[in-house]
Amino acid sequence: MAQNLGIASPAVPTIIIGNHALVGEDQIHDRLEQVILEEQSSPTNEPEKNISTAGNCPGTFTALSVPLVIICAGVDSINPCALTVLIILLLSIIALQSRRQVLMVGITYIAAVFLFYFISGIGVLSFVHLSGISSLIALAAAIIAIVLGVANIIEAAVKKDGFLLAIPESKKPVIERYITTATLPAAFVLGVLVGIFELPCTGGIYLTILGLISNTLTFSEGLPYLLLYNFIFVLPLIVILLAVVLGIPPERVNTWRLENRRKLRIAIGIAMILVGVFILIGPRLL
């Protein structure tokens with residue numbers, strides 16, 4: 001039955017009702033009543049051919065895998081917002097502080113970004129599990145990723161600066177104030193602020209993965225995927241920090257960023273569109 005229904009991780013208990021398969025206590029608790037009501041209100045009681053798992057609507061979003069999480073996190077990690085703030089922060093302190101202090105400030109900033117995204121992900125997963133709208137979240141997030149990807153490409157093609165999918169201009173003075181302070185508490189607050197303000201950059205991808213996690217796994221099963229995603233997300237920040245600490249001038253990194261930011265935005269836009277399209281139709285093709 002698990003093979004026929006496409007259940008990747010069979011578990012006990014499992015309940016099959018019509019064209020729905022609820023796997024595990026969390027899915028049964030969250031979705032059983034809703035599935036029963038849907039079946040009672042359907043015009044026919046005969047099961048459809050395309051049987052879905054994890055409480056989905058037929059044929060939607062069941063393909064969650066480690067490679068998909070890594071690819072999506074990799075796309076999300078090369079966002080211009082967090083990278084720009086880290087580079088500017090390093091530029092402002094590299095000449096004033098020792099390498100050790102630069103390393104500590106950078107680690108604090110990266111840790112704050114990681115914690116903000118991870119805790120935000122836990123909050124979204126908890127809400128989705130309680131509300132039972134995981135399939136809707138995955139659908140909405142995939143559409144958002146496609147729309148943001150198209151917007152990224154259009155803006156990169158026609159604009160030189162002032163991008164819509166970036167930290168708002170009104171928030172930049174707040175960030176600059178914490179950059180100039182450059183203490184460990186200021187670096188932590190800066191990381192949290194960047195996490196808040198950068199969500200428009202590539203937040204659609206993160207929401208898509210959260211929707212897939214909540215739609216496919218229980219809350220506890222989804223936490224390792226969430227940790228993996230957020231580690232990949234901050235990995236470029238770690239690489240930049242280590243490069244600067246080991247001797248590469250931050251000015252050189254910043255010059256590369258400025259010269260390639262349009263290409264990066266186009267690449268991110270294309271990747272976001274591909275991720276959104278795969279989430280919508282890829283699992284069905286497979």
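Only the coordinates and a few stated rules stand behind these numbers; no lab work does. This is a predicted model, so every value here is computed, not measured. Don't worry about glycine lacking a Cβ; one is built from the backbone with ideal geometry, like all the others, and counts go over all protein chains shown.
Key figures for this structure:
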read-out	value
Distance between modelled label sites at Val66 and Gln40, nm, 7 Å Cα→Cβ extension	4.3
FRET E, pair Ile107, Leu130, Förster distance 30 Å, beta-carbon r, rounded to 0.05	0.30
Inter-site label distance for Leu264 and Glu221 at 7 Å from Cα along Cβ, in nm	3.7
Phi-based couplings in Hz for the stretch 84-91 (Karplus 6.51, -1.76, 1.60; Gly and Pro marked x)	4, 5, 4, 4, 5, 4, 5, 4
Net charge dipole size for the stretch 219-278 [Lys, Arg +1 and Asp, Glu -1 on Cβ; Debye, nearest 20]	320
Gyration tensor (alpha-carbon) shape descriptor, the stretch 212-286, a/c threshold 1.5	oblate
Distance in nm between pseudo-label sites at Thr183 and Leu235 (7 Å out along the Cβ direction from Cα)	3.5
Length added when fully stretched, Leu246-His29, from 0.36 nm per residue minus Cα-Cα	72.9 nm
